[in-house]
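Structure, as structure tokens:
No lab work stands behind these numbers, since they all come straight from the coordinates. Note that this is a predicted model, so its numbers are computed, not measured. Every residue, glycine among them, receives a Cβ derived from its backbone with ideal geometry; neighbour counts consider all protein chains shown.
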Amino acid sequence: MKALVLYTLFVAMGGVAAALVGLYVEREFSEAAGLVVFLGLFFANFVTSWIAVILVIDGSLRNGLGRAEQTTLERQARTA
């Protein structure tokens, strides 16, 4: 549950940051450039938010996909 709350907060903060940066680029350069920058940051936000949640909760990225636990469970199931 903690990971879900953190992920939601990180995505919301990243979305606001993407909108602000996109708005700045739109005003300084063009609407098309602002849209491209916003969309790039918006979609990259989901990946970076998930990585940030893993870092906050686990402290490292060594087991980001849960492979260690999965391997342990499979070994225990085979021996049982």
Inset, instruction - Set the Förster radius R0 to 30 Å, insert the Cβ-Cβ distance between Ala19 and Ile51 as r into 1/(1 + (r/R0)^6), and round the FRET efficiency to 0.05. - result: 0.90
Inset, instruction - Determine, from the Cβ-Cβ distance of Ala12 and Thr72 and an R0 of 25 Å, the FRET efficiency 1/(1 + (r/R0)^6), rounded to the nearest 0.05. - result: 0.15
Inset, instruction - Starting from the alpha-carbon convex hull of the chain, give the projected area averaged over all orientations, in nm². - result: 6.8
